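Below is one structure, written out as structure tokens; comments come after it.
The values are calculated or read from the model by the stated rules, or taken from the named source; none is laboratory data. Treat the numbers as computed from the prediction; the structure is a model and nothing was measured. All Cβ positions, glycine included, derive from the backbone under ideal geometry; neighbour counts span all protein chains shown.
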Amino acid sequence: MLPWLLSTGLMTALKTQRMKAHVFRVLLAVIGIQFWMAALAYPVPIWQAIALIMTSPLFVTMGSAVLLKEQVGWPRWLATVVGFIGSLIILAPWQDDFQWAALLPIAAAFFWAGSSLMIKTMANTESEGSLVVYLLILIAPFNFFLAVPNFAAPTSQMWPLLLLSGVAVALAQWSIAKAYVKADASFVQPFDLIKLPFNVLAGWLVFHYVPPGALWLGSSMIVAATLFILHQENS
């Protein structure tokens, strides 16, 4: 975002009428991040975590109706129910080996959905650039405060992984920003679902996770429900 800040001008880029809303939105995002990191650290299998994090659009649909008082017809409610049934199939809470930690990705999806709903409420007064800049500015002190109690200096073996992670995140954020500049959000958003097969493949190659058949059934229901909701929102 630095080139955008320099070209726009610092005072113009940071101009806002909703500072409290920015702080609350970032707080929701930070809580979501903590749940997500806890899920991966527990560890919840990567295939299960990625599949369940895709329930976020379903929470957005519910929040749009309850909090924003938007009209949500029965087809979207039905799609939401189908999506959550898919998440239950992946969770399989009826099995003896079910662990409560498997709910952590759903908690992350819930709070990230809240952050997305905040963007909807702020879009009428805040620019896209300021929304991103304030996210980056405010999220750092939040995460620093949470990291202090358990902080440990990275080992020499960890630094290459941290640098690689930083480069990957930077390229991902740049790619997302570029995509939203070049195309409508309704066109870009469904591509987020490609994360599932990529992460399943990565989990198999790196951690030798072999996902069960229930993943594909449940994920298909979540993906179908999400695509249907996106279609309904843009029809």
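Computed quantities for the displayed model
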item	result
Enumeration of residues in segment 100-145 that are touching a residue at least 40 places away in the same chain (Cβ under 8 Å) and closer than 25 Å to G213 by Cα	A101, A102, L104, P105, I106, A107, A108, A109
Wholly within segment 1-74, helices (runs of 4 or more DSSP H) carrying at least 2 residues that are under 19 Å from I85 (Cα atoms) and touching a residue at least 24 places away in the same chain (Cβ under 8 Å)	46-53, 56-66
Segment 111-123: number of residues that are part of a loop (DSSP other than H, G, I, E, B) and modelled with pLDDT of 75 or more	0
Restricting segment 63-83 to residues that are touching a helix residue (DSSP H, G or I) at 6+ places or on another chain (Cβ under 7 Å) and among the charged types (D, E, K, R), the residue that is nearest to M118 (Cα to Cα)	E70
Which numbered condition Q99 fails, given (1) buried (at least 19 other Cβ atoms within 10 Å of the Cβ); (2) of a type in the set (S, T, N, Q); (3) over 21 Å from V23 (Cβ atoms)	(1)
Exclusive hit being at pLDDT 80 or above and either closer than 30 Å to Q232 by Cα or not hydroxyl-bearing (S, T, Y) (or both), set Q71, Q34, Q17	Q34
Within segment 198-235, considering residues that are loosely packed, with under 15 Cβ neighbours inside 10 Å and not in a helix (DSSP H, G or I), the one modelled with the highest pLDDT	H208
Subset of segment 88-97 [farther than 19 Å from A41 by Cβ and either touching a Pro at 6+ places or on another chain (Cβ under 9 Å) or not polar (S, T, N, Q) (or both)]	L88, I89, I90, A92, P93, W94, D96, D97
Yes/no for P149 being of a type outside the set (V, I, T), over 24 Å from L196 (Cβ atoms) and free of Cβ contacts under 8 Å to residues at least 24 places away in the same chain	yes
Criterion (over 14 Å from W112 (Cα atoms) and surrounded by 17 or more Cβ atoms within 10 Å (Cβ to Cβ)) met by exactly one of G32, G86	G86
Residue check for N150: out of contact with any helix residue (DSSP H, G or I) (no Cβ under 8 Å at 6 or more places or on another chain), at pLDDT below 80 and not aliphatic (A, V, I, L, M)	no
